[in-house]
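One structure below.
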Amino acid sequence: MTAFATHRSDGVMLDQVAAIYGTPCYVYSQAALVERYQAFERALAGADARICFAVKANGNLGVLGVLADLGSGFDIVSVGELERVITAGGKPHKVVFSGVGKRRDELERALEVGVGCFNVESESELERLDRLAIDRGVRAPVSIRVNPDVDARTHPYIATGLRENKFGVDIERAEALYRRAATLNGIMITGVDCHIGSQLTELSPFADATERVIALIDRLAIEGIAIQHLDIGGGLGVCYEDEAPPSIADYVEVVRSAVADRDLKLVFEPGRVIAANAGVLLTHVDTLKPAATTDARSFAVVDAAINDLIRPALYDAWHAIDRVGQAGSNAVRASWDVVGPICETGDCLGTDRDLTLAEGDLLAVHSAGAYGAAMASNYNSRPRAPEIMLADGAMFEVRARESIADLMRGEKRLPPPDLGRFDRGC
């Protein structure tokens, strides 16, 4: 299933982590991160290529630092992610700046540090970037993100390559925008960018998108607009339950084969496929409410919640959940709905799970290394959970658990009101 299937990773037992750091708690495996990144390196051996980890999947400095030390580039969508990459040791010239709504201050900071490429998503952004680059006396390296109108056959919330999606420029309009870019003094055309969605489990959408983008590159070449790199984005899926996504090698080969006779550098933006199954969310069972006591369903109330892992509520996503270690005394086997303590019916991490449980048992929610902590919130005034990296038999706290004081930092009350100013009626 994952690097944590046996509840041991990098020589550390997960119950040891829970005993020291408490629950809920995210746990990552350095070895799993390295293995997945190096799988891309092996598949790209001999190619002119760059791997840019999608920071939105997991922006923890410990995670980014592991990948930066391996030589990874990074795909960012905000100035906050840019600063995280720099702090973690990433090189700005290996950064691609994506995102449909980049602010002026974000563009200015990216120009200041010298990011490798701006993935431009509109004519308005192109013109704004041109003016800012001219003011700074530089030329901004640009790829235009084209929308190839390819159905990625994934959840509609994470499909990004159809005409009705907000992302990119319609591929039929892209040539005109490239012509405009070629006339701008602050713009240097370097590539074409395309990203059709996330959690893709088939190769055909990647192949279709690559074919359409290469046809665009050929048309641009006829007009004298030379493209140096093709950024095919990310989106390769992982196994959460019973999916059978293509291997990294097969995914890369589809793209490499399509550009075999062209002098193009390749850029990939993997996120989920590197981080998801390198992490788990640990949680303790707080209360059991068997069906016999509810006259309906059996509920296992745990101390993790949708503020820690929103994917099941947001996407109807499935995460494997199993018990760590032996069941406690008085354990009950049932088909449990694993739910959190938040005041929402949708606060459910998994339904109909065949588990033998007792109150106090430790559970592992798998595949939480991507879009777990990255999408966490303080809903119901719950402090965000710590993040622990396991490496070479040791535990490293790469983010401490938030305190109650952290929740209120920056907030202020109004001065006491002058009650005499108000008509208090009778």
Per the charge dipole of the chain (beta-carbon charges, Lys/Arg positive, Asp/Glu negative, Cα centre), the residue among L82, V12, V192 reaching farthest to the positive end is L82
What angle do you read, to the nearest 10 degrees and between 0 and 90, between the alpha-carbon axis of helix 248-258 and the longest principal axis of the chain? 20 degrees
Anyone know which of F74, F206, F299 comes out most mobile in the 10 Å Cα GNM of the chain? F299
Based on the Kirkwood radius over alpha-carbon pairs, what is the Stokes-Einstein translational diffusion coefficient of the range 277-407 at 20 °C with 1.002 mPa s viscosity, in µm²/s? 140 µm²/s
Burial ordering of I76, I388, I225, I342, fewest other beta-carbon atoms within 10 Å first: I225, I342, I388, I76
Footprinting proxy, D105, D10: sorted fewest to most Cβ within 10 Å, the residues are D105, D10
Please determine, in degrees from 0 to 90 and to the nearest 10, the orientation of helix 30-43 with respect to the longest principal axis defined by the Cα atoms of the chain, where the helix direction is its Cα long axis. 30 degrees
How about K265: which lysines have a C-alpha closer than 16 Å to its C-alpha, ignoring those fewer than 8 places off in the same chain? K94
How far is the Cα center of the range 112-126 from the Cα center of the range 214-233, in Å? 17 Å
For the chain, what is the percent of antiparallel DSSP beta bridges, rounded to the nearest 5? 45 percent
Considering Cα pairs under 8 angstrom that are at least six residues apart, work out the relative contact order of the chain and quote it in whole percent. 19 percent
Compute a Gaussian network model of the chain, connecting alpha carbons closer than 10 Å, and tell me which residue from E211, E411, E269 fluctuates the most. E411
Report which label in (i) 41, 28, 20; (ii) 36, 27, 20; (iii) 40, 23, 20 holds the value of semi-axes √(5λ) of the Cα gyration tensor in Å derived from the coordinates of this structure. (i)
Give the aspartates and glutamates whose C-alpha is closer than 19 Å to that of K289, dropping any in the same chain fewer than 8 places away, or say none. D303, D322, D337, E344, D347, D352, D354, E359, D361
Shape call for the range 360-426, from the Cα gyration tensor axes a ≥ b ≥ c (a/c under 1.5 means rounded, otherwise prolate when a/b beats b/c, else oblate), comes out prolate
Part-to-part distance (alpha-carbon centres) for the range 345-396 and the range 247-306, which is given in Å: 13 Å
Which of the listed residues, V280, V324, P24, is farthest toward the dipole's positive end in the chain, when Lys, Arg count +1 and Asp, Glu count -1 at the beta-carbon? P24
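Every read-out reported here was derived from the displayed coordinates using simple, explicitly stated rules and does not represent laboratory data. What you are looking at is a predicted structure, and each value in this text was computed from that prediction instead of being measured. FYI the Cβ positions are ideal-geometry reconstructions off the backbone, even for glycines, and counts take in every protein chain you see.
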